[in-house]
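J.: Dropping the structure in here first, questions after.
What follows draws every value from the coordinates through simple rules; no lab data is involved. Quick caveat, the model's predicted, so the values are computed rather than measured. Using ideal geometry, Cβ is built from the backbone for each residue, glycine included, and neighbour counts are taken over all protein chains shown.
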Amino acid sequence: MFASEFEDATDVFQPGDSERSPKYAMLPSGEAANRVFVVGTLTDCEDISNSSDLEYLQARIVGPTGTFFAYAGQYQQEALGALRGIEAPEYVAIVGKPRSYETDEGETLVSLTPESITVVEEGTRDQWVVETAEHTLARIEAMEDVEMGAEASPDIQRALDVYGDDEDFDLGEYEQGTKEALAQVAGIDIEENDDDEEDGEE
């Protein structure tokens with residue numbers, strides 16, 4: 001998924017009664033995600049630990065629609081070792097689990113707990129953008145079908161229950177961001193292209 005939607009996925013829940021039950025992030029576009037695969041540019045990585053004995057690294061990964069934050073500490077040794085060896089900026093692919101944190105001001109922040117981090121080529125980033133765009137647009141279409149009367153899946157129903165009454169909830173923003181991400185990969189100025197289409201209609 002793209003960063004713009006991930007940072008809005010503030011409903012991180014744990015079905016089942018066991019403490020070991022997996023946690024899921026409910027995406028506003030109607031799908032629950034237990035693990036997330038993202039590709040972007042690692043622009044910064046710093047140790048934010050208050051201890052001189054333990055590392056706790058914060059990594060900033062920038063994509064076409066926003067920024068992912070990933071945190072690796074003593075329980076993420078593979079990711080921690082990978083981050084130590086990467087000199088930013090660099091394209092990276094990350095597999096991680098979503099986690100949420102509520103600030104003292106009551107704001108919910110969503111981040112990644114990485115399981116693996118790998119340096120990749122620009123072509124891999126571009127392919128991820130294309131595939132992520134396809135999945136995002138498909139989820140949006142399914143949500144729109146429900147608005148037109150189709151039966152909602154359990155995930156879509158939960159997303160509507162959680163986010164539907166929020167005045168900032170707008171699937172159109174994710175759709176627009178997705179199109180802009182595709183345009184970046186294709187090297188197209190989407191605003192200029194829209195202007196050309198309008199000129200042709202006159």
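J.: Taking the Cα centre of the chain as origin and charging only Cβ (+1 Lys, Arg; -1 Asp, Glu), how large is the dipole, in debye to the nearest 20?
T.: The calculated dipole for the chain is roughly 1840 debye.
J.: Can you sort 52, 116, 29 so the residue with the fewest Cβ neighbours within 10 Å comes first?
T.: If I rank by nearby Cβ atoms, fewest first, I get 52, 116, 29.
J.: Using helices alone, what [θ] at 222 nm do you get for the chain, with -39,500 (n - 2.57) per DSSP H run of 4 or more residues, divided over all residues and rounded to the nearest 500?
T.: Taken over the chain, the calculation gives -12000 deg cm²/dmol.
J.: Counting alpha carbon pairs within less than 8 Å and at least 6 residues apart, what relative contact order, in whole percent, applies to the chain?
T.: 23 percent
J.: On to the next question. Convex hull volume of the Cα atoms in the chain, per residue, in Å³?
T.: Expressed per residue, the convex hull around the Cα atoms of the chain is 154 Å³.
J.: Okay, moving on. Name the most mobile residue of 150, 25, 142, meaning the one with the largest mean-square fluctuation, in a Gaussian network model of the chain with Cα contacts below 10 Å.
T.: Between 150, 25, 142, it is 150 that shows the largest mean-square fluctuation.
J.: Same structure again: How would you rank 94, 156, going from fewest to most other Cβ atoms within 10 Å of each one's own Cβ?
T.: Fewest-to-most Cβ neighbours within 10 Å comes out as 156, 94.
J.: Sorted from fewest to most neighbouring beta carbons within 10 Å, what does the list 1, 148 look like?
T.: Placing the least packed residue first, the sequence is 148, 1.
J.: With springs only between Cα atoms under 10 Å apart, run a GNM on the chain and tell me which of 17, 47, 155 wobbles the most.
T.: 17
J.: Taking the alpha-carbon set of region 1-74, what are its Rg and Dmax in Å?
T.: Calculated on Cα positions, Rg and Dmax stand at 14.5, 42 Å.
J.: Can you compute 3J(HN,Hα) from phi for each residue in region 60-74, using the Karplus curve 6.51 cos²θ - 1.76 cosθ + 1.60 with θ = phi - 60°, rounded to whole Hz and x for Gly and Pro?
T.: Along region 60-74, the couplings run 10, 10, 9, x, x, 10, x, 10, 9, 10, 10, 10, 10, x, 5 Hz.
J.: Quick one: if the Förster radius is 25 Å, what FRET efficiency do residue 74 and residue 102 give, using the C-beta to C-beta distance and rounding to 0.05?
T.: 0.60
J.: Under unit Cβ charges (Lys, Arg +1; Asp, Glu -1), what dipole magnitude, rounded to 20 debye, does region 71-127 have relative to its Cα centre?
T.: 240 debye
J.: Also, I was wondering about something else. Between region 157-177 and region 10-63, what's the alpha-carbon centroid distance in Å?
T.: 21 Å
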